[in-house]
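Working notes, beginning with the structure itself.
The values are calculated or read from the model by the stated rules, or taken from the named source; none is laboratory data. As the structure is a computational prediction, the values presented were derived from the model and not from experiment. Virtual Cβ from ideal backbone geometry, glycine too; neighbours counted across all protein chains shown.
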Amino acid sequence: MYTRRIRFDRVFDVRDVTLRNGVTTQFGFEADGRTVRDARIKGRHEIPQGVELTVVLPREGGWSWLVGWVDHSTGRMVCDKPSSWILVTAVFAILAAGQCFLTWLTLRHPQPDQGSTVWVLGAMCVFLLAVFAAIIRQAGLVLQAHRFLSATQASVRPATPRAP
């Protein structure tokens, strides 16, 4: 996880794109003399020019997926919900466990013409375990980012206009 405080000096090409996992806001920006043309964050968002944010990226320079941010002018936090990742993780855990159990049963009671079946079941088991490991990694990143951004949000004091 990589965190950074940044001010978008210029924002351009903001558009909402519908992908298979929902709507994503894609945009480009200039900050600190650098131009990024393909930044993305899940959901529909307005990105005002000159806004100062604390952003969470999966790795340094990984603007293709902003995990989340806190807007320092409003204190608003934008981040994936960890609960949705927990559901996906649970579903894949059940699938992987079921596939591994079928493979184990097949190996425990071998039949004469079963050679290719064992290889196919084993390959499916390895594939599901790899996908499960990747989902666990992503879910952990989202949970860690959510905790960090919540703490950042609590420390940000949005500017409030003074009463006359």
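Quick notes
- Residue, nearest to the chain's Cα centre (by Cα), within the range 1-33, restricted to residues that are β-branched (Val, Ile, Thr) and either surrounded by 14 or more Cβ atoms within 10 Å (Cβ to Cβ) or closer than 18 Å to residue 152 by Cβ (or both): 24
- Unique match (being surrounded by fewer than 16 Cβ atoms within 10 Å (Cβ to Cβ), assigned by TED's automatic domain parsing to the domain that holds residue 13, hydrophobic (A, V, I, L, M, F, W, C) and more than 18 Å from the chain's Cα centre (by Cα)) among 126, 36: 36
- Set side by side, the residues 44, 15 differ, and just one is out of contact with any helix residue (DSSP H, G or I) (no Cβ under 9 Å at 6 or more places or on another chain), more than 22 Å from residue 140 (Cα to Cα) and assigned to a strand (DSSP E or B), which is 15.
- Test: residue 94 is in contact with a helix residue (DSSP H, G or I) (Cβ under 8 Å, 6 or more places away or on another chain) and assigned to a helix (DSSP H, G or I): no
- Qualifying residue in the range 135-147 (condition: out of contact with any Asp or Glu (no Cβ under 9 Å at 6 or more places or on another chain), at pLDDT below 80 and farther than 30 Å from residue 51 by Cβ): yes
- Those residues of the range 47-84 which are assigned to a loop (DSSP other than H, G, I, E, B), over 15 Å from residue 14 (Cβ atoms) and under 16 Å from the mean Cα position of the chain (by Cα), in sequence order: 58, 59, 60, 61, 62, 64, 65, 67, 80, 81
- Pairs with Cβ under 6 Å, 6+ apart, first in the range 129-145 and surrounded by fewer than 18 Cβ atoms within 10 Å (Cβ to Cβ), second not in a helix (DSSP H, G or I) and not polar (S, T, N, Q): 144/1
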